[in-house]
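Here the structure comes first, spelled out in structure tokens, and everything after it is commentary.
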Amino acid sequence: MADRYFDEMGAHFARKIYDSPKGAIRLAVLTRDLQRQLSGLGGPDASLEVIDVGGGLGHMSEWLALRGHRVTLAEPSEDMLAQARERLEHLASTYPVHCRQASLQELALDGRRFDLVICHAVLEWLADPDAALKQLRQLMKPGAALSLAFYNRDALIYKNLIKGQFRKLRRNQLAGDGGRSLTPQSPLDPRDVQAWAAEAGLECLEKSGIRVFHDYMPEPFKSQADLAEVIAEELAYSTHPAFLQLGRYQHWWLRERAPV
């Protein structure tokens, strides 16, 4: 299995993810978390050096740049990067976003380090997510943080359970089938991610679930629900211990593990 990139799929991504309620909920949870977490990473007025790995169409880079951070957006897909440049080129920010066509593997070889590493919805598309987490660690300065969001295998299992797709589960048919499918090829078990993080010398200090109930809502309730109310409740329950593990994505805030 090879890493999957998204050449010629920028418009498809925008329509299916970024311009949908799913994308709005994801962005709301991530930015709420980062707003709180960044205050402890150099002070409220610090301008951080940030790398947005697999930054897609640039939504997180835009949010960070507008708050005065020095952002590099790295994206291997030429199509996605072109659309990100178009989105960011006229941004009214103190520092322009630097866009670079590069994979995580290429970034890890550069030797450049950052105060904050963003990696959202990337690991599940890679052939070796364990190695990728170690490469992300290589991008971090001493005292830096990693904002990691990944597709949650537990949530995918639960979704199939409540739909009665037991045969699919027994056959372990959880991966996306490529083509234009936006179901990741390697849904990640949080216990594996926890072990990989420990091996990379990282510990998770905070967790949130992204879309802890929205994706499970039956019709017609989902289509009739007010999006602002859905987002408010998703934010309210995203850190609740009974529900955060059901998030379709997990958002983890990782720092260098303290010496024993």
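The values are calculated or read from the model by the stated rules, or taken from the named source; none is laboratory data. If you're wondering where the values come from, they're calculated on a predicted model, not measured in any experiment. Every residue, glycine among them, receives a Cβ derived from its backbone with ideal geometry; neighbour counts consider all protein chains shown. These accessible areas exclude ligands, DNA and RNA; they are computed on the full protein's heavy atoms, side chains included. Shrake-Rupley method; radii C 1.70, N 1.55, O 1.52, S 1.80 Å.
Relative contact order, whole percent, for the chain stands at 19, derived from Cα pairs under 8 Å and 6 or more residues apart.
Peptide packing for 80-87, 145-152, 49-56 was compared via the average number of neighbouring C-beta atoms within 10 Å per residue; ordered from the highest value, the list is 49-56, 145-152, 80-87. Defining a contact as two alpha carbons under 8 Å apart and six or more residues distant in sequence, what relative contact order in percent does segment 117-200 show? In percent, rounded to a whole number, it is 37. The residue among 254, 223, 54 whose Cα reaches farthest toward the positive pole of the charge dipole of the chain, with charges on the beta-carbon of Lys, Arg, Asp and Glu, is 223. What does the C-alpha gyration tensor say about the overall shape of segment 51-197? Classify as rounded when a/c is under 1.5, otherwise prolate if a/b is larger than b/c, or oblate. It is prolate, given that a/c is not under 1.5 and a/b is the larger ratio. Taking Cα atoms, how many degrees apart are the long axis of helix 78-88 and the longest axis of the chain, rounded to 10 and kept between 0 and 90? The answer is roughly 70 degrees. For the chain, the solvent-accessible area works out to 48 Å² per residue, with a probe of 1.4 Å and every protein chain left in place. Round to the nearest 10 and give me the degree value, 0 to 90, for the angle of helix 227-237's Cα axis relative to the longest principal axis of the chain. For helix 227-237, the angle is close to 80 degrees.
Of 219, 78, 234, the residue with the greatest mean-square motion in the GNM of the chain, using alpha carbon springs below 10 Å, is 219.
Rounded to the nearest 10 degrees, the angle from helix 190-199 to the longest Cα principal axis of the chain is 30 degrees. Distances between every pair of Cα atoms in segment 51-128, grouped in 10 Å steps from 0 to the bin holding the largest one, split as 20, 55, 24, 2 percent.
Based on the Kirkwood approach, the hydrodynamic radius assigned to segment 114-260 is 16.5 Å, with every pair of different Cα atoms included.
Computed over every Cα-Cα pair of the chain and binned at 5 Å starting from 0, the pair-distance distribution P(r) comes out as 1, 6, 13, 17, 20, 19, 13, 7, 3, 1, 0 percent. Summing charges over all other residues whose Cβ lies under 10 Å from the Cβ of residue 151, with Lys and Arg as +1 and Asp and Glu as -1, gives +1. With contacts taken as Cα pairs under 8 Å and at least 6 residues apart, segment 111-260 reaches a relative contact order of 30 percent. Note on segment 221-260: percent of Cα-Cα distances in each 5 Å bin, starting at 0 and stopping at the bin with the largest distance, equals 5, 18, 19, 18, 16, 9, 6, 4, 3, 2, 0. Secondary structure note: in the chain, about 45% of the DSSP beta bridges are antiparallel. Taking only protein heavy atoms and a 1.4 Å probe, the accessible area of segment 21-118 is 48% carbon and sulfur. Residue 244 exposes around 20 Å² of accessible area when a 1.4 Å probe is run over every protein chain in place.
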